[in-house]
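Input: a single structure, listed below in structure tokens.
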Amino acid sequence: MAASGKSKKKMSLNRRNTLVGLSFILPNFIGFFIFVMIPVAFSLMLSFADWDGFNPMKFAGLDNFVAIFKDRVFRGSIWKTLYFSAFTVFFSMCASLGLAILLNQRLKGKGIFRCAIFFPYVASTVAVAAVWNSLFRDIGPINSILRALGVANPPGWTASTAWVIPALIIVNIWKNMGYFMIVYLAALQDIPESLYEAARIDGANSMQCFRGITLPMLTPSTFFVVMMLTINSFKVFDLVYLMTEGGPGNASTMMSQYIYNRAFIAWNYGESSAAAMILFLILGLLTILQFRMEKKWVSYM
């Protein structure tokens, strides 16, 4: 009888703890359902509909998907987004890691340098776009320096169809590398110093320590950095819109810009939602691929 009473009390306590735990996470699930799942479901429905936001919605089948893939601007936006993302991910990761290693050393005033490098991440994108547009002008400081160094015809940057995406990549790396530098700094400071001491006793030099200890120990952080950079670079919109509005012509029209243009300039919510679903599919496939490859190169020690 006593054992049965204790068992009932334990079950009651477990049930109460479960309900308390659910009460804490329920608001997050409600918010996720209202602000994420419902809009995604509505966007999926719109991708098969013909709707301009005013007239009655009509079922369109796959017409929206056929229309956007016939649109050379959309096809170009896919390649431009892939180009922008590939270079942004690689060079952001390298810059962040390099800065983290440099500022993890015993340097005077390194706290000031850390704050200075992190500041662009929290700065207003509007201010960042305005400043860099001024720097990229033909008579701006960057081209003036290039001319002083002997470059007769410096790039047109945001005014050039060939240089506009490299210019956006440079600005995006500059703005976001401070955040990922902090991620790498935290990971570097978690690596036990005893590993380096043991390696030095065995005769390892700095490069061997970096390749044999630092890089393997940073793989979980690198996986996180690559994931976040990939997602953010595919979703980039504000920086591109503020600096170029997708121009000159459509030279810097990314997928997110195309989605915006079809929805709020052409008033074609069906094609806009279809393009959004394609972007969602690409990001989903890339995420699955990255998680599949995680087991091959990420080391959780």
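The values are calculated or read from the model by the stated rules, or taken from the named source; none is laboratory data. Treat the numbers as computed from the prediction; the structure is a model and nothing was measured. All Cβ positions, even for glycine, are placed from backbone atoms using ideal geometry, and neighbour counts span all protein chains on display. Heavy atoms of the whole protein, side chains included, go into the accessibility calculation; ligands, DNA and RNA do not. Shrake-Rupley method; radii C 1.70, N 1.55, O 1.52, S 1.80 Å.
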Over the chain, what percent of the accessible surface lies on carbon and sulfur atoms, probe 1.4 Å? 68 percent
Karplus (6.51, -1.76, 1.60) ³J(HN,Hα), θ = phi - 60°, over the range 171-177, in Hz, Gly and Pro reported as x: 5, 5, 4, 4, 6, 9, 5
Karplus 3J(HN,Hα) series, Hz, for the range 119-135 with 6.51 cos²θ - 1.76 cosθ + 1.60 (x for Gly, Pro): 3, x, 5, 9, 6, 4, 5, 4, 5, 4, 5, 5, 5, 5, 4, 5, 5
Keeping every protein chain present and rolling a 1.4 Å probe, give me the accessible area per residue for the range 62-295 in Å². 53 Å²
In sequence order, calculated HN-Hα J values of the range 234-251 (Karplus, 6.51, -1.76, 1.60; Hz; x Gly/Pro): 6, 8, 4, 9, 4, 5, 5, 5, 6, 8, 9, 6, x, x, x, x, 10, 5
Amide H neighbours of A49 under 5 Å, at least 5 residues apart or on other chains, H built in the peptide plane: list them. A60
Scan (1) 86, 68, 34; (2) 55, 40, 34; (3) 59, 49, 39 for the value of Cα extents along the principal axes in Å calculated from this model and give just the label. (1)
How far is the Cα center of the range 12-49 from the Cα center of the range 141-209, in Å? 40 Å
Tell me the label-point distance for the pair F33, I101, using the 7 Å Cα-to-Cβ offset, in nm and rounded to one decimal. 4.9 nm
Given G247, S43, L135, which one lies farthest toward the positive end of the charge dipole of the chain, if we put +1 on the Cβ of every Lys and Arg and -1 on the Cβ of every Asp and Glu? S43
Stokes-Einstein translational diffusion, the range 186-277 - Kirkwood Rh over all Cα pairs, 1.002 mPa s, 20 °C, in µm²/s: 127 µm²/s
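For n ≥ 4 DSSP H runs only, could you compute -39500 (n - 2.57) per run for the chain, divide by its residues and tell me the 222 nm figure to the nearest 500? Before the final figure, lay out each step's value.
Working: 14 runs with 211 residues, N = 301.
Calculated at 222 nm, the ellipticity per residue is -23000 deg cm²/dmol.
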Taking amide hydrogens as modeled 1.01 Å from N in the peptide plane, which residues meet the under 5 Å criterion relative to N268, leaving out close sequence neighbours? A263
Which of the listed residues, I68, M227, C209, is farthest toward the dipole's positive end in the chain, when Lys, Arg count +1 and Asp, Glu count -1 at the beta-carbon? C209
At 0.36 nm per residue, minus the direct Cα-Cα distance, what do I191 and A266 gain on full extension? Give it in nm, one decimal, please. 21.7 nm
